[in-house]
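The values are calculated or read from the model by the stated rules, or taken from the named source; none is laboratory data. On a predicted model such as this, the values are computed, not experimentally measured, just so you know. All Cβ positions, even for glycine, are placed from backbone atoms using ideal geometry, and neighbour counts span all protein chains on display.
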Amino acid sequence: MTRITFFTAEGGRITGFEAKGHSGYAEAGEDILCASIGAAVSLVEATVNDVLGLAAAVRTDADRALVSLRLPGGLGPVAESTCQSLLTGLMLYFTMLHDEYPDNIEVLEAD
């Protein structure tokens with residue numbers, strides 16, 4: 001199962017997320033759920049770091065099937081608003097995937 005945890009700060013600000021584990025929906029290389037999760041994570045990371053030019057901390061560990069992203073602090077109002085929209089949309093997307101594949105993906109929130 002893939003467990004995705006979104007981290008929040010005071011006021012509900014999403015500060016980042018961690019996705020860990022293989023979904024187990026299908027064999028490696030044929031797992032459409034893992035591919036969907038990976039593509040969504042890559043899109044958000046590329047938008048935050050490459051398009052917006054922010055320095056979000058990204059960590060990957062292929063052996064543990066782990067990827068995480070943490071937003072930097074002190075973002076300006078436009079960057080903050082954009083990042084919150086991106087991360088909220090990502091959470092919504094993963095929640096929709098959970099509704100469709102409840103045995104393979106779990107979405108959590110943590111302080």
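State the number of residues belonging to the stretch 58-88 that are surrounded by fewer than 16 Cβ atoms within 10 Å (Cβ to Cβ), among the small types (Gly, Ala, Ser) and at pLDDT 95 or above.
Qualifying residue count for the region: 3.
I need the full set of residues from the stretch 1-39 which are closer than 24 Å to GLY73 by Cβ and among the small types (Gly, Ala, Ser), in order please.
Matches in the stretch 1-39: ALA9, GLY11, GLY12, GLY16, ALA19.
Tell me, please, whether a residue that is surrounded by fewer than 16 Cβ atoms within 10 Å (Cβ to Cβ) and of a type in the set (Ser, Thr, Tyr) can be found in the stretch 14-37.
No - not one qualifying residue is present in the stretch 14-37.
Select, from THR8, THR47, the only residue that is modelled with pLDDT of 95 or more and either in contact with a Cys (Cβ under 8 Å, 6 or more places away or on another chain) or within 19 Å of GLU109 (Cβ to Cβ) (or both).
Values: THR47 fails: either in contact with a Cys (Cβ under 8 Å, 6 or more places away or on another chain) or within 19 Å of GLU109 (Cβ to Cβ) (or both).
Answer to the selection: THR8.
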